[in-house]
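Note sheet for the following structure.
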Amino acid sequence: MPCAAGVEDYLAHEVTRITGQAQVQKWRAGVLLQGSWRDAMLLNLHSRLAQRVLVQLFHAQYRNEQDLYRIASEVAWEIWFTPRQSIKVEVTAQHSPLTSLNFAALKIKDAVCDRFRAKAGGVRPDVDTQWPDIRIYAHLTTDTVALYIDTSGEALFKRGWREDKGEAPLKETLAAAMLAASGWSDTPDMPLYDPCCGSGTIAIEAAQIACNIAPGAMRRFAFEKMLPFQSHVWDAVLDEAHRAQRLPPPGHKPTIFGSDVAHRMVDFAQRNAERAGVADAIEFRGGDALQRMPPCESPGVMLVNPPYGQRIEAAGVAGVGHQQQRRSAAAPPQDDALASPGGREQAQTDDGGDFFVQLAAHWKKNYAGWSAWLLTPDLKLPGKMRLKATRRVPMWNGPIECRMFRFDMVQGSARADKAVDKATDSTAG
Ligand SMILES: C[S@@+](CC[C@H](N)C(=O)[O-])C[C@H]1O[C@@H](n2cnc3c(N)ncnc32)[C@H](O)[C@@H]1O
């Protein structure tokens, strides 16, 4: 099961919880286990951290493309699917001597098709690179090839509830990794607040955890189209998951909160939460993170994927000055959001610098007792915020190396100010 680098420990723990199996091997960016067909269904339905659930069908030594053709011809593909289903072959490699991975994929596809043609009276599967029924993966090292069939289909971060994205949505799997790394997933009664919630990913993932709603309950999987699929087993797995849900009772006061300076985002988040079945478990509001007071009395955890640089700019109070500069220096703004009331939704600071300084000051003054976790590619952020990071967890957002920094807010600013994090550079990682 592949996952984002940095998430392996949490995924191994999750796999053990879902399947009851203690024997889970960790690899870089993935875990491996021996499991049943039912385990594959359970993992697809319940894993929040895995990118996919792959079944390894063959592992062998190879030297060239002819070897790949021969090896792929030996796999009994006809156990898994019929020649009337479409396929796609993808190849990844680490230190492979082959010059073209596309050519390697072509050889494997030829082998699969030729095997079917020989066994099924000339009928062979079609290739569909966009919406294949069946995805086949090959992973090459210097001298070994592993062949997998993908039981998930679309990547598992696609939970089926997101229609409204916003500019820079966090992948659901990464939001879940943040919740796991912060420890909140183990204490889901604790208040949780995302003051830059965007389309609501962190809050929605959290609410589904609190309500015990399976992340895959709203989507379909590739295994449903495979020959070994038994619908009565799957129905029973789904039924069990459904009965385990703990929806909030009527009148329940949410302990999960999200807010964003862009009201459009708050609408997106609200609609996404409705589709995800957790609208009653979250309170979304508009508001500037630099001004909003704690959403509840007892302190809890803030989990933030803040506006950052290239993809999305800090807005609100911190951005007003810059926005005015930009407006006078450049042509009139085309973007509707810039013309929003108060003109504050898209204003920026160059690298978010002012925003983070002001955020730290606001938190120190008003959020005593809260812990804040920030996901950022800026390894020097604690220094910039003049806060001491009490934890730093490496995490990859796609190809971008990030850290989750934890800051514990103490009453009054003196302690936090003294503890400016001088060690940020050297201890990163
Ligand atoms: C990287 S995005 C967060 C994406 C979110 N995690 C998601 O999955 O959709 C950063 C968000 O911060 C918001 N933002 C920018 N400045 C803000 C401010 N001063 N107060 C609150 N939110 C702000 C932006 O509107 C944007 O939605």
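Read-outs throughout are calculated quantities, based only on the coordinates presented, and are distinct from any laboratory measurement. Quick caveat: nothing in here was measured; it's all calculated off a predicted structure. Cβ placement follows ideal geometry from the backbone for every residue including glycine, while neighbour counts extend to all protein chains displayed.
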### Task
Please report how far the C-alpha centroid of segment 74-99 lies from that of segment 142-199, rounded to the nearest whole angstrom.
27 Å
#### Entry: nm² value of the averaged projected area, convex hull over the Cα atoms of segment 98-200
11.1 nm²
### Query
Measuring from centroid to centroid over Cα atoms, what is the spacing of segment 1-58 and segment 100-138 in Å?
26 Å
## Note on the structure
With bins of 10 Å, the percent of all Cα-Cα pairs of segment 191-247 per bin from 0 is 19, 39, 26, 13, 2
### Task
Take the cross-link list Lys119/Lys171; Lys158/Lys364; Lys171/Lys225; Lys107/Lys165; Lys119/Lys158; Lys107/Lys158 and give me the ones stretching past 32 Å between alpha-carbons.
Lys119/Lys171; Lys158/Lys364; Lys107/Lys165; Lys119/Lys158
### Query
If you line up the Cα atoms of segment 1-108 on their principal axes, what length do they span on each, largest first, in Å?
41, 34, 21
### Query
Which net charge results for the neighbourhood of Val112, defined as the other residues with beta-carbon distances under 15 angstrom from its beta-carbon, given Lys and Arg at +1 and Asp and Glu at -1?
0
### Summary
For Ala5, the net charge from surrounding residues (Cβ-Cβ under 10 Å; K, R +1; D, E -1) works out to -1
### Task
Measure off 7 Å from each Cα along the Cα-to-Cβ vector at Thr141 and Ala168, then give the distance between these two points in nanometres to one decimal.
3.7 nm
### Message
Let me check I've understood the local charge: for Gln94, count other residues with C-beta under 13 angstrom from its C-beta, Lys and Arg +1, Asp and Glu -1. What total comes out?
### Response
0
### Query
In nm, what is the difference between 0.36 nm times the number of residues separating Gln130 and Glu297 and their Cα-Cα distance?
55.2 nm
### Task
Go ahead and collect, in residue order, the members of segment 66-95 whose backbone nitrogen is under 20 Å from a label point 7 Å along the Cα-Cβ direction of Lys158.
85-92
### Message
I need the semi-axes of the equivalent ellipsoid of segment 177-301: take the C-alpha gyration tensor, multiply each eigenvalue by 5, square-root it, list largest first in whole angstrom.
### Response
31, 16, 13
### Task
Between Ser231 and Ser100, with labels modelled 7 Å along Cα→Cβ, what's the label distance in nm to one decimal, could you check?
4.3 nm
### Message
Can you compute the label reach from Thr82? Point 7 Å from Cα along the Cβ direction, backbone N cut-off under 18 Å, restricted to segment 214-234.
### Response
222-232
#### Entry: Using a Förster distance of 60 Å, the FRET efficiency for Met218-Arg63 (Cβ separation, nearest 0.05)
0.85
### Task
Provide the packing ranking of 296-304, 190-198, 234-242, i.e. peptides ordered by the mean count of other C-beta atoms within 10 Å per residue, highest first.
190-198, 296-304, 234-242
### Message
Modelling each spin label as a point 7 Å along the Cα-to-Cβ direction, I'd like the Gln56/Gln245 distance in nm, to one decimal.
### Response
3.7 nm
### Query
How far, in nm, would the chain grow between Asn366 and Glu74 when pulled straight, counting 0.36 nm per residue and subtracting the alpha carbon separation?
98.6 nm
